[in-house]
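Here is the structure we will look at.
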Amino acid sequence: MNTILVGAQWGDEGKGKIIDFLTEDAHIVVRSQGGNNAGHTVIHAGTKYVLHLIPSGILRPGKTCVIGNGVVIDPVALVGEIEGMKKLKVKIGKNLLISDAAHIVFPYHRALDEQREIAKGKNKIGTTKRGIGPAYGDKAARTGLRMCDLIQPDVFSAKLQAKIKENNAILKALGAKPISFKEVNDTYLGAAEKLRPFVTNTVVFLHNALKAGREILFEGAQGTFLDIDHGTYPFVTSSNTTAGGACTGSGVPPHRMDRVLGVMKAYTTRVGEGPFPTEDAEISDMLHAMGREFGATTGRARRCGWFDAVATRYATMINGIDELAVTNLDGLDKLARIRVCTHYKLGRKTIEVPPTDTRLLVQCTPVYTEFPGWQTATENAKKFTDLPANARKYLHAIAELTGAKLRIASVGPGREQTIVL
Ligand code: GDP
Ligand code: IMO
Ligand code: MG
């Protein structure tokens, strides 16, 4: 069975943890969009691993991980990530493949990302400053460089020189520091030599694997409401984070996908700017006081709020979510009452789907239903029936409101803190 795993909220739903868990039953794990803006945390046997570009399946020996054509790669960051993982005793060799068609992120993308944010002032997006938007911009404008260019030094240097000239003129006009061709050329060609053994046509690899009956797990990055088409535009990332992105970003056709699994927290978080109807100071303060909900990529405190079923219902529709993994249930353990947003009010109108226009979305007020809390620690629950009755009721209620089948409940960051229904 081939599974697409997507974030059903604004990212950081716990996708890395669930991927690591599900990899046990898969042969191959594929990242198909996003870049090192992603931060996927896996905690195993007391060690914390934060993956940015490498699929979270890498921790399981015997599995193959693929960075697909739809990902944008900062080669220097990727080399750093590979070396960091090796220091943590993660084996990386023939088990990692990198698409030769994936686009490359350059220092001028990061500089432009930063400059555009500065220019936006209070309307900034709050990006991760990893150059993701400008890199996808070059891809769409058909002026990007790809991994197949990087591994051919002559071709690469000539193309890079032209790009640096073009971008330095822009950076100069913005009053920003120009980029040195020599410096970038040297560091990127250095990274190219380290990455060369991994670079291949991953589309062909995946199709051969499908022919051989291998099971593939597609690891989404970011979340549904950060999707460039379906998210809270312009407060989004620059790729298709929804299920369709797994096809275009890997070259695996839609009819080979068997299941879409949506990952969502038992509450909601968002990092960066943009509308967030159920944002709430009480739950934010509680989670931050517990030392939770700080970003895996930038360390920023995540904004927190109540579970938003208007959002997750819409996510179910767009992605075709069949099954749900609900994470961080234990984050609600202390609460006496838990709120869930079932609808929005926009003026006097009750609405069931988030408005496309962000200016209207910020005017929406959530309509809540309250659930009694369980005020019992859930972190040691191994089976669904180990959970307190109120926690089980809550999980069933949010799954029903979301419109998909509850499949996994997660009660802690560890592999063993995962309940399968
Ligand atoms: P991702 O980007 O979707 O992979 O999620 P992140 O790794 O950025 O953020 C999720 C955070 O929640 C990480 O720190 C995980 O270790 C943690 N996590 C995941 N599931 C659970 C859970 O059920 N309980 C607790 N306490 N932490 C969890
Ligand atoms: P994972 O895969 C949460 C957010 C940024 C910002 C917006 C645009 O760990 O869930 P970008 O740098 O992509 O141009 O920033 O998207 N963002 C994420 N938020 N989790 C992520 O990834 C994110 N990747 C980007 O905070 O609001
Ligand atoms: Mg994350």
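The values are calculated or read from the model by the stated rules, or taken from the named source; none is laboratory data. None of the values given here were measured: they were computed from a predicted structure. In this analysis, Cβ positions are derived from the backbone assuming ideal geometry, glycine residues included, and neighbour counts consider all displayed protein chains. With ligands, DNA and RNA removed, areas are computed over all heavy atoms of the protein, side chains included. Shrake-Rupley method; radii C 1.70, N 1.55, O 1.52, S 1.80 Å.
Results, tabulated for the structure shown:
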{"read-out": "Residue within the stretch 19-38 that is open to solvent by 10 Å² or more (accessible area, probe 1.4 Å), modelled with pLDDT under 95 and within 18 Å of M85 (Cβ to Cβ) present", "value": "no"}
{"read-out": "Residues that are surrounded by 12 or more Cβ atoms within 10 Å (Cβ to Cβ), in a helix (DSSP H, G or I) and not aromatic (F, W, Y), drawn from the stretch 376-392", "value": "D386, N390, A391, R392"}
{"read-out": "Some residue of the stretch 150-161 being in a loop (DSSP other than H, G, I, E, B) and in contact with a Pro (Cβ under 9 Å, 6 or more places away or on another chain)", "value": "no"}
{"read-out": "Tally of residues being surrounded by fewer than 21 Cβ atoms within 10 Å (Cβ to Cβ) and farther than 26 Å from I408 by Cα across the stretch 229-270", "value": "6"}
{"read-out": "Subset of the stretch 203-228 [part of a helix (DSSP H, G or I), open to solvent by 40 Å² or more (accessible area, probe 1.4 Å) and in contact (Cβ under 8 Å) with a residue 24 or more places away in the chain]", "value": "V203, F205, H207"}
{"read-out": "Contacts under 7 angstrom Cβ, first residue in the stretch 172-192 being outside the structural domain of A77 (by TED's automatic domain parsing), partner part of a helix (DSSP H, G or I) and open to solvent by 90 Å² or more (accessible area, probe 1.4 Å), 6 or more apart", "value": "P178/K172; F181/Q161"}
{"read-out": "T342 assigned to a helix (DSSP H, G or I), away from ligand 3 (no atom under 16 Å from the Cβ) and at pLDDT 95 or above", "value": "no"}
{"read-out": "Within the stretch 124-143, tally of residues that are in contact (Cβ under 8 Å) with a residue 60 or more places away in the chain, within 13 Å of ligand 2 (Cβ to nearest atom) and on the phi < 0 side of the Ramachandran plot", "value": "10"}
{"read-out": "Set T350, T316, T358, T327: member being away from ligand 1 (no atom under 16 Å from the Cβ), modelled with pLDDT of 95 or more and surrounded by 13 or more Cβ atoms within 10 Å (Cβ to Cβ)", "value": "T316"}
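Here is a yes/no grid of residues against (1) closer than 27 Å to A140 by Cα; (2) within 15 Å of ligand 1 (Cβ to nearest atom):
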| residue | (1), (2) |
| --- | --- |
| L210 | no, no |
| D227 | yes, yes |
| P234 | yes, no |
| H255 | yes, no |
| M264 | no, yes |
| T268 | no, yes |
| E273 | yes, no |
| M286 | no, yes |
| A301 | no, yes |
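A quick yes/no check of all residues on (1) among the basic types (K, R); (2) within 16 Å of ligand 3 (Cβ to nearest atom):
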| position | (1), (2) |
| --- | --- |
| W10 | no, yes |
| K63 | yes, no |
| V71 | no, yes |
| G80 | no, no |
| E83 | no, no |
| K89 | yes, no |
| D100 | no, no |
